[in-house]
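Asks: Can you keep this structure in mind? I'll have questions shortly.
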Amino acid sequence: MKKYKIYIGLFCLLALSVSCEEYLNVEPESTLGIDNFYASTTEAEIALSGIYSVFASYEVYGNAMTIIMESGTDEGYYNRRFNENWTVGLYRHTPADRYVQDLWTSLYTAINLSNLFVEKLKQDSFSEEEYNRLLGEARFLRAQAYFLLTNWYEEVPMPLTSTKDQSANNIPPSSLEDLYAQIISDFTFASEHLISVDDPNYVQGRATDMAAHGLLARVYLKMAGYPLKDTSNYALAKEQCEIVINSGKYSLNASASTTVTDTNGDETIVVTSDGYRNHFLSYIQSVYDTQESIFEISFTYLRDIGLNVDGRIGETNGIPFGFGGGSNIGFPSAFGGFSTTSILRDVYNSNNDSIRRVWNIPGYDYSGTGDVRSVTNPLSRSYVPGKYRRWEPANFDDVAPGVEPAEGSQEGYVVLETGTIGRNFTNINFPVLRYADILLMYAEADNEVSGGPSASAMQYLDEVRTRAGLVPISEKPAAIASKEAFFGELVDERLRELCFEALRKHDLIRWELLGEKLALLNATIQGDPNYSATNADHQAYLRPGLFFDPSKHLSLPYPLQEVELNNSLNQKQGW
């Protein structure tokens with residue numbers, strides 16, 4: 001493994017020497033020349049691992065893009081009143097902002113490495129099948145990088161060859177139509193040549209054919225919404241979802257329940273196996289749940305091959321542990337800078353959705369003095385997500401309503417995360433695409449194509465609802481009365497099922513609902529009985545809704561540095 005790690009380091013250095021040729025004209029002294037590197041399966045795998053590591057970096061899925069930049073929706077917000085560090089989530093960013101720059105730089109690094117791979121892979125060193133598989137994986141990663149760029153920045157430059165000299169800096173933005181055409185081409189090629197999850201040669205944590213189909217569905221849904229609004233793409237999104245569903249390779253981890261009748265004859269449903277909880281425990285405990293997880297950012301896979309790329313999933317957006325009293329209780333710590341909302345709580349409660357609510361909003365923390373405390377006030381800083389929790393109480397009776405912590409005692413907790421537990425970095429993998437999302441994307445696309453909720457759309461929505469212990473959607477007549485009513489139900493269902501998976505902000509943007517939901521969030525905060533106009537924390541929670549400007553904040557500005565370097569890139573209007 002150590003040797004493998006050295007090779008990856010050499011590959012990255014060689015790739016950098018190509019991309020920085022205009023600054024460094026000295027020939028590399030290594031005998032492992034870049035032109036000769038892509039001539040074996042081992043070398044190709046090393047190169048691909050280097051691209052995966054960019055996606056796993058702090059700037060992309062490791063923390064910044066998935067938590068900090070995704071904050072500022074009805075899902076949650078930055079809860080620190082003392083600063084505005086999470087500028088993008090507060091809508092206080094500028095073109096000089098580090099998050100605006102770092103995401104751009106990271107995604108173009110992944111694109112440049114993918115382009116280099118496509119150019120340098122030695123076709124005559126592989127069978128046709130293996131060559132296309134390797135090529136398909138690089139194109140899959142390039143497509144995902146470009147899709148993320150279009151989500152965040154809209155029109156961007158589209159280099160399809162590796163950087164060789166300074167002239168590569170001067171590329172004008174491509175149209176969204178051209179960008180999406182390339183993304184679709186890359187994902188389509190990947191879907192035709194990547195192996196399936198049940199292939200004996202499949203490496204867990206890597207892209208598959210169905211991951212490409214599923215992400216194609218996501219691309220088509222985006223194209224159907226803002227800003228292109230080409231509704232013909234709904235049918236194409238539905239088609240891609242059908243391919244994944246009909247493959248039979250995926251299903252939801254079901255919840256099991258029993259019916260208990262008390263002495264008064266009342267029946268109570270008791271959940272004996274929570275499939276939702278069990279699925280997310282797999283990300284926390286480095287177990288690949290390939291039944292439901294279609295594509296995830298696998299810090300485990302990268303560590304296993306010798307790359308130390310750890311994220312902060314469950315730390316930045318985790319349940320506070322050991323803070324508040326200056327105590328050195330230690331691991332597994334969590335910053336807890338991301339608070340969730342009473343909107344999310346209410347969308348669960350209005351549907352009697354306790355299974356997902358208690359997992360996603362558990363309502364407890366661990367104080368610096370060793371107390372497990374119940375947190376029920378949605379305006380508390382500790383009202384935070386639990387989806388990627390690193391720990392939980394040893395005895396949940398400690399956080400039952402009305403139970404006060406035992407004074408002077410350190411209460412027990414269970415560490416859920418596996419592997420070496422670090423204070424600021426975690427081992428928790430991040431879900432990019434789950435089967436539940438495929439079912440919900442199908443229901444949304446079919447609703448648009450059919451002009452209302454069809455039997456199949458309701459069936460697939462009900463698969464998600466049933467796992468959460470909810471009644472069939474047919475038992476909610478108001479939700480299926482029209483296309484618009486069913487869409488409203490899907491807006492809420494995606495929040496209930498997919499919260500904190502870096503999807504909500506871009507869902508709301510493509511639906512043109514972000515401004516509306518931020519206004520609702522502020523109204524809900526100010527209408528909470530715990531709200532105080534003189535409480536600095538409460539005023540801080542209002543910032544996203546106050547600062548959001550729909551003329552500017554549906555995409556990011558171009559990074560200042562890029563505008564200064566690229567003579568063909570003009571800054572967006574208003575920035």
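The values are calculated or read from the model by the stated rules, or taken from the named source; none is laboratory data. Worth saying up front: this structure is predicted, and the values here are computed from it rather than measured. In this analysis, Cβ positions are derived from the backbone assuming ideal geometry, glycine residues included, and neighbour counts consider all displayed protein chains. Surface areas here come from the heavy atoms of the whole protein model, side chains and all, with no ligands, DNA or RNA. Shrake-Rupley method; radii C 1.70, N 1.55, O 1.52, S 1.80 Å.
Asks: Kindly check whether there is at least one residue in region 247-262 that is buried (at least 22 other Cβ atoms within 10 Å of the Cβ) and either within 24 Å of the chain's Cα centre (by Cα) or at pLDDT below 95 (or both).
Replies: Within region 247-262 (the criterion being buried (at least 22 other Cβ atoms within 10 Å of the Cβ) and either within 24 Å of the chain's Cα centre (by Cα) or at pLDDT below 95 (or both)), the answer is no, since none of the residues qualifies.
Asks: Would you check if there is a residue in region 165-177 being open to solvent by 10 Å² or more (accessible area, probe 1.4 Å), touching a helix residue (DSSP H, G or I) at 6+ places or on another chain (Cβ under 8 Å) and modelled with pLDDT under 95?
Replies: There is at least one residue in region 165-177 that is open to solvent by 10 Å² or more (accessible area, probe 1.4 Å), touching a helix residue (DSSP H, G or I) at 6+ places or on another chain (Cβ under 8 Å) and modelled with pLDDT under 95.
Conditions tested, residue by residue: (1) among the β-branched types (Val, Ile, Thr); (2) open to solvent by less than 40 Å² (accessible area, probe 1.4 Å); (3) assigned to a helix (DSSP H, G or I); (4) without any contact (Cβ under 8 Å) to a residue 40 or more places away in the chain.
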{"site": "182", "(1), (2), (3), (4)": "no, yes, yes, yes"}
{"site": "187", "(1), (2), (3), (4)": "no, yes, yes, no"}
{"site": "216", "(1), (2), (3), (4)": "no, yes, yes, yes"}
{"site": "234", "(1), (2), (3), (4)": "no, yes, yes, no"}
{"site": "237", "(1), (2), (3), (4)": "no, yes, yes, no"}
{"site": "242", "(1), (2), (3), (4)": "no, no, yes, no"}
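Asks: Among all residue pairs at least 6 apart or on different chains, which show Cβ distances below 7 Å where the first residue, located in region 498-512, is in a helix (DSSP H, G or I) and open to solvent by 10 Å² or more (accessible area, probe 1.4 Å) and the second is among the aromatic types (Phe, Trp, Tyr) and at pLDDT 95 or above?
Replies: 510/226
Asks: So which residues in region 529-551 are surrounded by 12 or more Cβ atoms within 10 Å (Cβ to Cβ), in contact (Cβ under 8 Å) with a residue 60 or more places away in the chain and under 29 Å from the mean Cα position of the chain (by Cα)?
Replies: If the condition is that a residue be surrounded by 12 or more Cβ atoms within 10 Å (Cβ to Cβ), in contact (Cβ under 8 Å) with a residue 60 or more places away in the chain and under 29 Å from the mean Cα position of the chain (by Cα), then 537, 538, 539, 540, 541, 543, 544, 547, 548 are the ones that fit.
Asks: Residue 121 - would you say it is surrounded by fewer than 23 Cβ atoms within 10 Å (Cβ to Cβ) and touching a Phe, Trp or Tyr at 6+ places or on another chain (Cβ under 6 Å)?
Replies: Answer is yes for this residue.
Asks: What are the residue pairs meeting all of these: first residue in region 351-375, first residue open to solvent by 10 Å² or more (accessible area, probe 1.4 Å), second residue modelled with pLDDT of 90 or more and of a type in the set (Phe, Trp, Tyr), Cβ atoms under 7 Å, and 6 or more apart or on different chains?
Replies: Here the result reads 355/276; 357/348; 375/383, each pair linking region 351-375 to a residue that is modelled with pLDDT of 90 or more and of a type in the set (Phe, Trp, Tyr).
Asks: Let me ask something additional. Pick from region 518-575 the residues that are part of a helix (DSSP H, G or I) and of a type in the set (Asp, Glu): which of them is farthest from residue 343 (Cα to Cα)?
Replies: The residue in question is 564.
Asks: Testing residue 114 on (1) in contact (Cβ under 8 Å) with a residue 12 or more places away in the chain; (2) open to solvent by 50 Å² or more (accessible area, probe 1.4 Å); (3) outside any loop (DSSP other than H, G, I, E, B), one condition comes back false. Which one is that?
Replies: If we test residue 114 against (1) in contact (Cβ under 8 Å) with a residue 12 or more places away in the chain; (2) open to solvent by 50 Å² or more (accessible area, probe 1.4 Å); (3) outside any loop (DSSP other than H, G, I, E, B), just (2) comes out false.
Asks: Select from region 320-341 the residues that are open to solvent by less than 40 Å² (accessible area, probe 1.4 Å) and either under 13 Å from residue 79 (Cα atoms) or at pLDDT 95 or above (or both) and list them in ascending order.
Replies: Matches in region 320-341: 320, 336, 337, 338, 339, 340, 341.
Asks: Kindly check whether there is at least one residue in region 546-558 that is more than 23 Å from residue 153 (Cβ to Cβ) and not polar (S, T, N, Q).
Replies: yes
Asks: Looking at region 218-249 only, could you name the residues that are in contact with an Asp or Glu (Cβ under 6 Å, 6 or more places away or on another chain), within 16 Å of residue 154 (Cβ to Cβ) and among the charged types (D, E, K, R)?
Replies: none
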